[in-house]
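Q: Okay, handing you the structure first.
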Amino acid sequence: MKQLIFVPFLFAILGSYAHAQTDVYVCTDERGNKEYKNTAAGSTKGCKRVELPGITTVPAPKRPVVAQTASKSASTPADFPKADGSAQKARDNDRRQILLDELKNEEQKLSVLQKEFNGGEPERRGDEKNFAKYQERVGLMKEDMSRTEKNIEALKREISNLK
């Protein structure tokens, strides 16, 4: 455990070695604990100098500068598959129909939830003798209604974005 404490200290010493070019000593006390120091003098006996290799730095290679025009970055590759106009219109119509169907389903779901919610006072069920269970169910109903309303908003937004 004590060696784990000294590891960051060793890195600090090694880091200062790179900048200050000082000597590093490892000292072992009578209990076998190791300490790293920048001087061998002091009350601790049994210090030995640690031989550290010289620091080698290699600069990162320079990136080649590639000039791209705005039209090239915005265009699609030549081999990218494209659909003809009529196929794309059919896909867009299918997408619109799917979104409209989903919107209809979400609106129906919201109407059922609002009816069951009964203005914040839904009917209690037989398994809800405990009022906390009833409150929990009312809270879940509120969350469901909120989520459904957000889904409806998102679907309407998506439909309005279609051309």
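Q: With each label point set 7 Å from Cα along the Cα-Cβ vector, what nm distance links Val50 and Tyr134?
A: Inter-label distance under the simple model: 7.1 nm.
Q: Extension gain Lys109-Thr57, at 0.36 nm per residue separation less the Cα-Cα distance, in nm?
A: 12.2 nm
Q: Using each residue's phi in the stretch 124-130, evaluate 6.51 cos²θ - 1.76 cosθ + 1.60 at θ = phi - 60° and report the 3J(HN,Hα) Karplus result to the nearest Hz, with x for Gly and Pro.
A: 7, 8, x, 7, 10, 5, 7
Q: Shifting gears a bit: Over 24 Å between Cα atoms: which of Lys109/Lys156; Lys104/Lys133; Lys104/Lys142; Lys109/Lys142; Lys104/Lys150 fall into that group?
A: Lys104/Lys133
Q: On to the next question. Return the long-range amide H neighbours of Val50 (sequence gap of 5 or more, or a different chain), with a cut-off of under 5 Å between placed amide H atoms.
A: The list, which skips near neighbours in sequence, is Val24, Tyr25, Val26.
Q: Accessible area per residue of the stretch 50-143 at 1.4 Å probe, in Å²?
A: Values: 8350 Å² over 94 residues.
With all protein chains present, the stretch 50-143 gives 89 Å² per residue.
Q: Label points 7 Å out from Cα along the Cβ direction at Gln88 and Val65: separation in nm?
A: Placing both labels 7 Å along Cα→Cβ, they lie 3.7 nm apart.
The values are calculated or read from the model by the stated rules, or taken from the named source; none is laboratory data. Being a predicted model, the structure only gives us computed values, none of them experimental. Glycine gets a Cβ as well: all are built from the backbone with ideal geometry, and neighbour counts include every protein chain shown. Areas reflect the complete protein model, heavy atoms only, side chains present, ligands, DNA and RNA absent. Shrake-Rupley method; radii C 1.70, N 1.55, O 1.52, S 1.80 Å.
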